[in-house]
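The values are calculated or read from the model by the stated rules, or taken from the named source; none is laboratory data. If you're wondering where the values come from, they're calculated on a predicted model, not measured in any experiment. Don't worry about glycine lacking a Cβ; one is built from the backbone with ideal geometry, like all the others, and counts go over all protein chains shown.
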Amino acid sequence: MANTTGGIRQSFKQLKGNAKACIWTEWMWAVPNALYAAYATLYMQELGLSLAQIGYISSITLTVQVISSLLSGVIGDKLGRRLATLIFDCVSWGIPVILWSAAQSYAWFVAAALFNGLWRITGVTFGLLMAEDTPHDELVGLFSINQLMSLLSAFFAPIAKVCVDRWGLVPTMRAMYGVAIVLMWSKFFILYFLTKESEIGRRRMEQTKDVSAFRLLWDCRKVFWNLMKSKEMLLTMAVLVAYNVTQTLNTNFWSIIVTARLGVSKADVSLFTTLRSAVQIAVIFLIVPHISSARFKNPMLLAWGSLALSQLLIVLTPAGPTAAFVLVLSVALEGLAIACMYPVMESLLYINTDPEQRSRILGMVYAVMVLIMTAFPAVAGRLSGWDVRAPMYINLVLFALGAAMTCALWNIRKGKQPEGK
């Protein structure tokens with residue numbers, strides 16, 4: 001992808017094959033997700049769930065993600081990226097949106113969490129379907145475009161605010177989940193018919209067709225030990241863990257914290273989600289084209305610092321006339337950080353893996369990452385009973401650790417990269 005704004009726009013026109021199909025159908029998942037995501041935890045609260053129960057549900061989802069991550073590589077090789085994506089999109093997103101739309105109590109959300117945790121399988125296979133036939137030097141651009149398509153969908157979020165103001169939170173969320181049922185299920189089948197199996201996917205299907213899934217899963221122990229012996233992959237995983245834990249905590253607790261502490265109305269939460277997306281879009285066009293996976297240190301450190309400052313502003317600011325201004329600044333800093341960090345991390349992860357073993361390596365990486373992440377939401381939920389800001393305190397520690405591990409990863413890679421940062 002060219003390092004100019006015009007280059008990014010041109011890249012949309014040049015998308016082809018699986019990458020084009022994946023990018024141009026992504027809105028059918030992203031739009032309904034944007035409509036309900038900002039209100040999901042508030043919806044749980046309205047139906048009587050406690051903060052601790054919300055944390056437990058997140059931990060249940062993460063526990064299932066550990067198992068599904070371990071299985072994702074084997075499933076992606078045996079079924080192929082295309083069929084595995086169809087099946088597990090339906091199971092991990094299609095079924096949960098039905099359960100969420102009709103939820104009456106804690107048990108409904110637990111059931112949805114058990115299915116939703118399987119999304120790690122399609123997370124691996126969809127990424128491979130989209131990126132596996134793409135040259136390495138185009139990956140940052142491709143992941144940026146994929147991120148951009150999701151971000152554009154966030155501009156539909158204010159529709160949810162209007163509906164919440166008029167009809168209330170619970171009826172609006174049930175309707176939004178109904179929209180998700182229609183669009184997501186349609187997207188899963190349209191994507192299947194528009195794509196073909198990737199070259200590496202076809203090769204892995206042929207190589208594994210006479211090998212049992214149990215044998216392939218058992219052989220993953222070799223992949224695991226190879227990962228554990230690679231300092232570069234360990235640090236890459238550590239950076240991913242730090243980032244994903246903080247995003248998980250924000251997803252579950254951010255809206256609760258800003259409504260409880262800063263006095264933001266529940267209906268206005270989606271406006272800040274839209275602002276965050278607008279900042280990310282601007283950064284993707286203006287800054288990300290000048291970032292490469294070969295020179296990741298300074299952009300990543302800038303991102304970690306921006307994330308830390310964004311949370312400090314919320315932690316330190318009391319409710320009052322300045323709260324709205326501070327929250328706008330916090331959201332803008334967070335948008336800047338995420339837009340810079342996401343495509344670089346995803347590119348580093350793909351580049352550092354052996355193409356022939358990529359599905360199993362990614363599965364193991366995500367399994368280790370999610371296993372470490374699992375306890376955090378439940379712990380944060382419990383601590384929130386004493387101080388609603390507890391998830392952000394945890395995040396601040398992780399931001400510092402993430403920055404330190406980014407520097408360590410750079411020190412290992414700098415001898416392999418061209419001069420510069």
Take the residues in segment 26-41 that are farther than 9 Å from residue 160 by Cβ and at pLDDT below 90, then tell me which one is surrounded by the most Cβ atoms within 10 Å (Cβ to Cβ). 41
Taking residue 172, is it closer than 17 Å to residue 27 by Cα and in contact (Cβ under 8 Å) with a residue 12 or more places away in the chain? no
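Yes or no, residue by residue, for (1) surrounded by fewer than 18 Cβ atoms within 10 Å (Cβ to Cβ); (2) under 24 Å from residue 81 (Cβ atoms); (3) at pLDDT 90 or above; (4) under 23 Å from the mean Cα position of the chain (by Cα):
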{"residue": "137", "(1), (2), (3), (4)": "yes, yes, no, yes"}
{"residue": "157", "(1), (2), (3), (4)": "no, no, no, yes"}
{"residue": "188", "(1), (2), (3), (4)": "no, yes, yes, yes"}
{"residue": "194", "(1), (2), (3), (4)": "yes, yes, yes, no"}
{"residue": "204", "(1), (2), (3), (4)": "no, yes, yes, no"}
{"residue": "207", "(1), (2), (3), (4)": "yes, yes, yes, no"}
{"residue": "219", "(1), (2), (3), (4)": "yes, yes, no, no"}
Restricting to segment 101-130, name every residue that is outside any helix (DSSP H, G or I) and within 15 Å of residue 177 (Cα to Cα). 103, 104
Residue under question is residue 400, and the condition is that it be at negative phi, surrounded by fewer than 19 Cβ atoms within 10 Å (Cβ to Cβ) and in a helix (DSSP H, G or I); does it hold? yes
Here are some residues: 159, 181. Which one is assigned to a helix (DSSP H, G or I) and under 18 Å from residue 42 (Cβ atoms)? 159
Of the conditions (1) touching a residue at least 24 places away in the same chain (Cβ under 8 Å); (2) closer than 22 Å to residue 271 by Cβ, the single one that residue 341 does not satisfy is (2)
Helices (runs of 4 or more DSSP H) (entirely within segment 39-90) containing at least 3 residues that are over 15 Å from residue 118 (Cβ atoms) and touching a Gly at 6+ places or on another chain (Cβ under 7 Å): 51-79
If residue 252 meets every condition in (1) buried (at least 18 other Cβ atoms within 10 Å of the Cβ); (2) modelled with pLDDT of 85 or more apart from one, which number is that one? (2)
Quickly run through segment 202-222 and pick out the residues that are more than 22 Å from residue 67 (Cα to Cα) and in a helix (DSSP H, G or I). 202, 203, 206, 207
The one condition in (1) under 30 Å from residue 19 (Cβ atoms); (2) part of a helix (DSSP H, G or I); (3) touching a helix residue (DSSP H, G or I) at 6+ places or on another chain (Cβ under 7 Å) that residue 134 fails to fulfil: (2)
